[in-house]
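A short write-up of the structure that comes next.
The values are calculated or read from the model by the stated rules, or taken from the named source; none is laboratory data. Since the structure is predicted, the reported quantities are computational estimates derived from the model, not experimental observations. Here the Cβ positions follow ideal geometry from the backbone for every residue, glycine too, while neighbour counts run over all protein chains shown. We work out accessible area using only protein heavy atoms, side chains counted, and drop any ligands, DNA or RNA first. Shrake-Rupley method; radii C 1.70, N 1.55, O 1.52, S 1.80 Å.
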Amino acid sequence: MVENRPVRDFLAHAVLIAGVILVAFPLWVTFVASTLTFEQIVAVPMPLWPGDHFLDNYRQVLTAGSEKGSSAPVSTMLVNSLIMALSIAIGKITISILSAFAIVYFRFPGRSFFFWSVFVTLMLPVEVRIIPTFKVAADLGILDSHVGLAMPLIASATATFLFRQFFMTIPDELAEAARMDGAGPIRFFIDVVLPLSKTHMAALFVILFIYGWNQYLWPLLITTSESMYTVVIGIKRMIAGGDASNEWHLIMATAMLALLPPALVVILMQKWFVKGLVETEK
Amino acid sequence: MEKRVIFRSAWLPYVLLLPQITITVMFFFWPAAQAVYYSFQLQDAFGMSSQFVWFENYLTLFRDSHYLSSFRVTAFFSVLVATSGILISLVLATMADSVVRGALAYKTFLIWPYAVAPAVAGVLWAFIFAPSIGIVTYFLKKFGIDWNWIINSEQAMLLVVVASVWKQISYNFLFFLAGLQSIPKSLLEAAAIDGAGPFRRFWTIVFPLLSPTTFFLLVMNIIYSFFDTFGVIDATTEGGPGDATKILVYKVYYDGVKAADLGGSSAQSVILMAIVITLTVIQFRYIERRVQY
């Protein structure tokens, strides 16, 4: 800023580098472990430099799962996670943008009632209604299915709010002009509102994709067959053994595969990610 | 705030709202109401019959030392997670805001843990700290520290706190950074010209101006440590050893799913709901206040 300050600059960089190392250390150890053999890992201390079993381990988990425990291939789990994350992200965005459009651009009986009932869902996370929600899913016959994984999670108060806030900033002149030209609400929605909402949709998509990919409690409850596991659940099922009997080289390869897709989304779409995070939470 | 220009249709708005409302009613309101209903019921051991028992389940809970200890564990856990996460992130954000070179690189390398699922974060740290093969355990042993979180309560708590904080640093960091960048540089320059050193500037200008962000993060971190850390705990300690890391959410899950105590678990759910509602109201009160700024 104003004063010349080599010492403070040095200190700042030192603290930041320490922070980056601290944050990256678990990732490094995980990566290294995923390239070693089981024997190398349990020979304490494990090496901190990658070994040469990278391809073997990843091929093993992707095609055949773990050796001793569950034999479900991780590639199936990755597909399940992808389906779940995409349906949650797209589903949430779709139903929220529709309801926000209804709430902002129409006057109808019960409008504020509906608005508030969506708002209240913020106060009911899955964790506080575990068993009844499970019963609803069981009654609908959607346990152990992709529909069951995604559908109960696609109502979204935050996305509805975000779109509502944004629609309020769209100039009234646009809607006036559209009406003058004889466009009905659906035409207006498709030709004006949707294109204008693109950046908000992109930002929300990043946040919701990560949210969907990382779901834990709900898939844990409703998936029983291995072919429906998401990758996060797959890892949990692999660590059932004890400390030294776990196949850590395979678990760590699976962990890398579980964290890589969302991490890449965050890093590659950093701009959207930051925008989505800061705006949805406000 | 209302739109001046609107469209007219007797049915379209309801059709647009239908999917959201259907899902909300089916998977939010109905289950929540069921939870309240079950919490007043006592089921026999086989789930064949149930009777209405008013507040019996709640009274049993508050007489149950396990439940009370779960409250203490949750309070301790969330205070540790929230304060240490906020402190570490504040230091990192302040430093990242002050450097010119490499700011973007630091940011990229600090925000990626946001993408890691809590359960995976738990597995990563559990591996590093694994009692017999963990790499950190090995170094701790060299310093004469006997590390075994599977049997030691304090170490188990420390493990879940570290994993939870590690995952949450990126979130706090981004909000602090955004907060710091919105502080007008002219204020800091004026203070510097008046002779205020870096620490003085931080305490008298930066910290007060950041207080809305800090408060927001405090609430968000408490919500995070109450609910989202379920994955961390289930993938590592599973509430143990004993009840040492059995936070409220984990106990609801454990009693309801593993021990099949429907009434007791539902009563716990209802108490948790009350806690979330309180936290959400606090959060929104605060946002309303900030709008007036």
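The table below gives the values:
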| quantity | calculated |
| --- | --- |
| Shape category assigned to region B:58-290 from the gyration tensor of Cα positions, a/c cut at 1.5 | oblate |
| Relative compactness, region A:65-280, computed as alpha-carbon Rg over 2.2 N^0.38 Å | 1.21 |
| Accessible-area order (highest first, 1.4 angstrom probe) of the listed residues A:F114, B:F173 | A:F114, B:F173 |
| Span-like helix ranges in chain B, DSSP H, alpha carbon extent 15 angstrom or more, Kyte mean at least -0.5 | B:12-24, B:65-98, B:118-128, B:153-181, B:207-223, B:262-291 |
| Mean separation of Cα contacts under 8 Å, 6 or more apart, over the residue count of chain B: relative contact order % | 27 percent |
| Quarter of the Cα convex hull surface for region B:142-202, i.e. its orientation-mean projected area (nm²) | 7.2 nm² |
| Dipole axis of region A:65-280 (+1 Lys, Arg; -1 Asp, Glu on Cβ), positive-most option in A:G276, A:V126, A:F161 | A:F161 |
| FRET efficiency, 1/(1 + (r/R0)^6) with R0 51 Å, evaluated for A:S245 and B:S50 via beta carbons | 0.75 |
| FRET efficiency estimate (nearest 0.05) - Cβ-Cβ, A:A202 to A:A64, R0 30 angstrom | 0.20 |
| Region B:55-160: C-alpha gyration tensor shape, a/c 1.5 cut-off, then a/b vs b/c | oblate |
| B:I133 accessible area, 1.4 Å probe, all protein chains in place, Å² to nearest 10 | 10 Å² |
| Solvent-accessible surface ranking, highest first, for A:F205, B:F226 at 1.4 angstrom | A:F205, B:F226 |
| Heavy atoms of B:Y106 accessible to a 1.4 Å probe, total area in Å² rounded to 10 | 30 Å² |
| Separation of the B:T278 and B:K142 label points, Cα + 7 Å toward Cβ, nm | 4.7 nm |
| Computed accessible area, A:R59, all protein chains, 1.4 angstrom probe, square angstrom | 140 Å² |
| Residues B:A75 and A:M168, FRET efficiency given R0 of 45 Å [Cβ-Cβ distance, rounded to 0.05] | 0.70 |
| Residue-normalised accessible area of region B:7-121, expressed per residue, 1.4 Å probe, Å² | 51 Å² |
| When the protein assembly as shown is reduced to its Cα atoms, the Kirkwood hydrodynamic radius in Å | 25.6 Å |
| Helical contribution to [θ] at 222 nm, DSSP H n ≥ 4, -39,500 (n - 2.57), averaged over chain B, rounded to 500 | -21500 deg cm²/dmol |
| Stretch in chain A that is longest and holds no GluC sites (Glu not before Pro) that DSSP places in a loop and that have at most 13 other beta carbons within 10 Å | A:68-282 |
| 30 Å Cα cut-off, lysine pairs counted over region A:65-280 (separation 8 or more, or different chains) | 9 |
| Interface area, A with B, accessible, probe 1.4 Å, both sides summed, Å² nearest 100 | 9900 Å² |
| Relative contact order for region A:57-203, counting Cα pairs under 8 Å that sit 6 or more residues apart, in percent | 28 percent |
| Accessible-area ranking of B:W30, A:W49, largest first, probe 1.4 Å | A:W49, B:W30 |
| Per-peptide average of other Cβ atoms within 10 Å, ordering B:181-187, B:241-247 highest first | B:241-247, B:181-187 |
| Shielding by partners - mean other protein chain Cβ count within 10 Å, residues of A:35-45 | 2 |
| DSSP H segments from chain A that extend 20 Å or more along their own axis, Cα-based, with Kyte-Doolittle mean of -0.5 or above | A:6-33, A:74-105, A:198-213, A:248-268 |
| A:L194 versus A:H13: modelled label distance in nm, points set 7 Å from Cα along the beta carbon direction | 5.1 nm |
| Given chain B, longest segment not containing exposed loop GluC sites (Glu not before Pro) (DSSP; at most 16 other Cβ within 10 Å) | B:3-237 |
